1. Would you please list the contacts, defined by Cβ atoms under 6 Å and residues six or more apart or on different chains, that run from a residue in segment 140-160 that is modelled with pLDDT under 95 to a residue that is away from the ligand (no atom under 16 Å from the Cβ) and not in a helix (DSSP H, G or I)?
2. Which residues, taken from segment 23-48, are of a type outside the set (Val, Ile, Thr), within 12 Å of the ligand (Cβ to nearest atom) and not in a helix (DSSP H, G or I)?
3. Looking at segment 138-166 only, could you name the residues that are among the β-branched types (Val, Ile, Thr), in a helix (DSSP H, G or I) and within 15 Å of the ligand (Cβ to nearest atom)?
4. Taking the condition in the same structural domain as Arg118 (by TED's automatic domain parsing), of a type outside the set (Phe, Trp, Tyr), open to solvent by 70 Å² or more (accessible area, probe 1.4 Å) and more than 16 Å from the ligand (Cβ to nearest atom), does Glu351 pass?
5. Counting only residues that are surrounded by 23 or more Cβ atoms within 10 Å (Cβ to Cβ) and either part of a loop (DSSP other than H, G, I, E, B) or among the aliphatic types (A, V, I, L, M) (or both), which one in segment 125-137 is farthest from the ligand (Cβ to nearest atom)?
6. Closer than 26 Å to Glu117 by Cβ and either without any contact (Cβ under 8 Å) to a residue 40 or more places away in the chain or open to solvent by 50 Å² or more (accessible area, probe 1.4 Å) (or both): does that describe Gln309?
7. Can you tell me which condition Asp35 does not meet? The list is (1) open to solvent by less than 20 Å² (accessible area, probe 1.4 Å); (2) farther than 26 Å from Leu343 by Cα, and all the others hold.
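The values are calculated or read from the model by the stated rules, or taken from the named source; none is laboratory data. It should be emphasised that the depicted structure is a prediction, and the values quoted were computed from it without experimental measurement. Heads up, the Cβs are rebuilt from the backbone with ideal geometry, glycines too, and the neighbour counts pull from every protein chain shown. In case anyone asks, the SASA skips ligands and DNA or RNA and just uses the protein heavy atoms, side chains included. Shrake-Rupley method; radii C 1.70, N 1.55, O 1.52, S 1.80 Å.
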Amino acid sequence: MKAVAVFPGSRETKVVDTEEPRITEPDQVTLRVLDVGICGTDWEICTFEYGTPPPGDDHLVLGHEALAEVVTAGSAVERFEPGDLVVPTVRRPCPHPGCLACRSGHQDYCYTGDFSERGIKEAHGYMAESVVDHERDLVLVQPDLRDVAVLTEPLTIAEKALGQILWMMRHRPPWLDPRTPGEERGRGLSALVLGIGPVGLLGAMTMVSAGFTTYVYSRELPPHPRTDLVGAIGATYVSTRNETFAELAERIGNVDVIYEAVGHSHFALEALEVLGTNGIYVLTGVPGLQAFVEADPARLMRTMVLKNQVLLGTVNAGADDFAAALRNLDLFRRRWPEAVRTLIAGRHPLERAAGLVLGRPAGIKTVISFDSAGG
Ligand code: BGC
């Protein structure tokens, strides 16, 4: 079968012919891959700044944002049958008995760092015609989400973050949660999303649907397809070229939540200056090496203490976040059908993968498709 693999030794990314994986345990399924999204992490892997092949292998099969179809199910598989659509989670647990996070199925909180991640760290990914996974690592997708379910994995980042934001709002200042369950819990609060890549846009959709008055701040100057999309979902777009952080903060008032989705450390640090009183700052980017900057840690510390601020790093994601992402995707595509459609810039054959990953294509989410029926 064909797969797209990265060879750190020879510094190449290419299509390889490799053996089809087979089920070796009764709770595994064979999957036919349908769609795989490309993201900034893939770019970092293909530029050899990040990522590690499985032990003993000279290459890593790329791809961690996948949608696939079950082809065969092992004898102990209970939840899936051939024909089902599934999205795989990315992280697999570490082997250490003492890691309570991994031992309880929450490997996104792994203590040891010895987890693996499909398509990223020590485990092959999904940019291959066929893959094998354990039933426990898969989430069922309803058939009518076929066209958009490839967005599930990047959306889990926002889902996991939102879950923690709402938890903190319930348990921090009591007046932040006067609403009855079921109501939009962010109503009356502001959220500032940094960046209009797929993670930022999906984050903005998540914040808007949770009721936050949402602003998106990035470099691009409108009119631009991405800035149009921000308007279409009921958020406000502001370009860094038109307003400084300070001007933006003045317009917003108290900035209750900042959701960083740029991975640019200097910009992220600058934004901390405008986080409001009792605010929560969520960092989602995994930047490569960037130039050193001077900071004023005393001022930073003083502000964070005196304003009761939270700085939260979050790496996606657990099975619950995947399930929540699928529920929200369904909601988003009913509420903003055109916007969700335009999130997927195009579907391309795997032969184009290396060029697309390295070329940073202009569209929003670029997808490698193994199935002509899906395009
Ligand atoms: C992936 C996550 C992964 C992270 C760090 C992100 O691009 O979406 O699943 O944990 O990279 O490797």
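1. none
2. The initial filter retains those residues of segment 23-48 that are of a type outside the set (Val, Ile, Thr), namely 25-28, 31-32, 34-35, 37, 39-40, 42-44, 46, 48.
Add one more test, that the residue is within 12 Å of the ligand (Cβ to nearest atom), and what stays is 37, 39-40, 42-44.
Those that are of a type outside the set (Val, Ile, Thr), within 12 Å of the ligand (Cβ to nearest atom) and not in a helix (DSSP H, G or I): Gly37, Cys39.
3. Filtering segment 138-166 down to residues among the β-branched types (Val, Ile, Thr) leaves 139, 141, 148, 150, 152, 156-157, 165.
Now narrow it down to the ones that are in a helix (DSSP H, G or I): 150, 152, 156-157, 165.
If the condition is that a residue be among the β-branched types (Val, Ile, Thr), in a helix (DSSP H, G or I) and within 15 Å of the ligand (Cβ to nearest atom), then Val150, Thr152, Thr156, Ile157 are the ones that fit.
4. Working: in the same structural domain as Arg118 (by TED's automatic domain parsing): yes; of a type outside the set (Phe, Trp, Tyr): yes; open to solvent by 70 Å² or more (accessible area, probe 1.4 Å): yes; more than 16 Å from the ligand (Cβ to nearest atom): yes.
When the stated conditions are applied, Glu351 passes them.
5. As a first pass, look at segment 125-137 and keep what is surrounded by 23 or more Cβ atoms within 10 Å (Cβ to Cβ): 125-128, 131, 133.
Narrowing further to those that are either part of a loop (DSSP other than H, G, I, E, B) or among the aliphatic types (A, V, I, L, M) (or both): 125-128, 131.
Details: Gly125: 11, Tyr126: 12, Met127: 14, Ala128: 18, Val131: 16 Å.
Residue satisfying both the conditions and the ranking: Ala128.
6. Details: closer than 26 Å to Glu117 by Cβ: no; either without any contact (Cβ under 8 Å) to a residue 40 or more places away in the chain or open to solvent by 50 Å² or more (accessible area, probe 1.4 Å) (or both): yes.
The answer is no for Gln309.
7. Tallying (1) open to solvent by less than 20 Å² (accessible area, probe 1.4 Å); (2) farther than 26 Å from Leu343 by Cα, Asp35 fails exactly one: (2).
Here is a yes/no grid of residues against (1) over 21 Å from Ile280 (Cβ atoms); (2) among the aliphatic types (A, V, I, L, M); (3) open to solvent by less than 50 Å² (accessible area, probe 1.4 Å); (4) in contact with an Asp or Glu (Cβ under 7 Å, 6 or more places away or on another chain):
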{"position": "Glu184", "(1), (2), (3), (4)": "no, no, no, no"}
{"position": "Val193", "(1), (2), (3), (4)": "no, yes, yes, no"}
{"position": "Leu202", "(1), (2), (3), (4)": "no, yes, yes, no"}
{"position": "Gly211", "(1), (2), (3), (4)": "no, no, yes, yes"}
{"position": "Arg226", "(1), (2), (3), (4)": "yes, no, yes, yes"}
